[in-house]
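Values quoted throughout were computed directly from the atomic coordinates according to the rules given, and no laboratory measurement underlies them. Not measured: the values here are computed from a predicted model. Glycine also receives a Cβ, built like all others from the backbone with ideal geometry; neighbour counts cover every protein chain displayed.
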Amino acid sequence: MEDATKVGGNYATRYVAALPDNLPVIPKAVGDVIVKLKHKKFSLSGAMSYAAVVSLSPWMTFEHEDTFALAWVLGAWKVEETGEIVKLEEEK
């Protein structure tokens with residue numbers, strides 16, 4: 001039988017690592033830009049400006065700004081075309 005303190009600790013660890021149910025849904029190209037700019041240490045406002053100027057400009061409208069920002073802040077999203085969940089790993 002498992003030690004209750006270990007089981008409780010396991011649940012706590014899994015809870016912290018879990019993703020929210022309502023992840024933002026973004027196109028793959030937008031996710032690729034987020035990954036690229038996060039690695040280059042862009043700020044959110046810099047990333048949004050960059051995304052609005054490059055080939056993402058048709059998607060980066062007022063309607064999608066909150067979705068982009070949420071994906072940026074969470075570091076996780078669902079790919080619109082495939083349903084795949086992407087979670088950025090923290091750099092060490």
- line: Taking a crude spin-label model, label points 7 Å out from Cα along the C-beta direction, the Ala76 to Leu88 distance in nm is 1.5 nm
message: Given R₀ = 22 Å, what would the calculated FRET efficiency be for His39 paired with Glu63, taking r from the Cβ atoms and rounding to 0.05?
response: 0.25
